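This report refers to the structure that appears directly beneath it.
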Amino acid sequence: MTKTALDPAAPLVFDTAELRGAGTMMHIAREIPAPEAYGLEDVFAVPKGAVLDLDIHLTGVSEGVLASGQVEAVAEGECARCLAPVQDALSVQVQELYAYEGSVTEATTEADEIMRLEGDLLDLEPAVRDALVLAMPVTPLCRPDCPGLCAECGVPWDELPDDHVHETVDPRWAGLEKLRLADNDGEPK
Ligand SMILES: [Zn+2]
Ligand SMILES: [Zn+2]
């Protein structure tokens, strides 16, 4: 995978230069628009441009920067059973260590185990995206006991009367039914 240089102006990229020298901290408490959709677009996702409410502390540690805190966002999509619109307010914890270039941690770990800083730039987006996507339901439902749709007419059961049925004639009995109707016509056998 080729990696493009981080854009310092991206909403989830932070300049951590002031954290060089361990022990200092930055607090990021702000709302930003989601740079892209997180999740399965048109099925269940935090849409692009939706508000991400960040409450994150960036702490300088000897080997890099520790990002920890909370992100809130609203995911939306369709009920998997009845296709009604569903919204889910997500609140997720983020905890991620970003290693300095040239640090021992960078030298002794893989990039897919421990995130890296690019210079002093920290890209929080992968951690935010992963945390939000993991918090999404595998099967979004409008409510846990959603009865779904009538298999015959496709109308949500919630909109149908309790005694809703479709009169279906079992094909094995269709021949007998014809005979019965013929009898009712009063025709002699
Ligand atoms: Zn439903
Ligand atoms: Zn029906």
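The values are calculated or read from the model by the stated rules, or taken from the named source; none is laboratory data. Being a predicted model, the structure only gives us computed values, none of them experimental. Cβ: placed from backbone, ideal geometry, glycine included. Neighbour counts: every protein chain shown. Each accessible area value is taken on the protein alone, full model and side chains, heavy atoms only, with ligands, DNA and RNA left out. Shrake-Rupley method; radii C 1.70, N 1.55, O 1.52, S 1.80 Å.
A simple packing score, the average count of other Cβ atoms within 10 Å per residue, orders the peptides 6-15, 149-158 as 6-15, 149-158, with the highest score first.
Label region 1-86 by shape, choosing from rounded, prolate and oblate, from the square roots a ≥ b ≥ c of the eigenvalues of the Cα gyration tensor; if a/c is under 1.5 it is rounded, and otherwise prolate applies when a/b is larger than b/c, oblate when it is not. Prolate is the answer for region 1-86, as a/c is 1.5 or above and a/b outweighs b/c.
Summing +1 for each Lys or Arg and -1 for each Asp or Glu among the other residues whose beta-carbon sits under 12 angstrom from that of residue 105 gives -4. Per-residue Karplus couplings for region 117-131, computed as 6.51 cos²θ - 1.76 cosθ + 1.60 with θ equal to phi - 60°, are listed in order as 7, 9, x, 9, 8, 10, 9, 7, 4, x, 5, 5, 4, 4, 5 Hz, Gly and Pro entered as x.
Rounded, prolate or oblate: which fits the chain when a ≥ b ≥ c are the square roots of the eigenvalues of the alpha-carbon gyration tensor, with rounded for a/c under 1.5 and prolate only if a/b beats b/c? Prolate, because a/c is 1.5 or more and a/b exceeds b/c. Each of the peptides 84-91, 116-123 was scored by the mean count of other Cβ atoms within 10 Å over its residues; in descending order, highest first, they stand as 116-123, 84-91.
Think of a 1.4 Å ball rolled over the protein heavy atoms: region 1-112 then has 57 Å² of accessible area per residue. Helix 171-184 and the longest principal axis of the C-alpha atoms of the chain enclose an angle of approximately 30°. Carbon and sulfur atoms: what percent of the 1.4 Å accessible area of region 59-143 do they account for? Percent of accessible area from carbon and sulfur atoms in region 59-143: 51.
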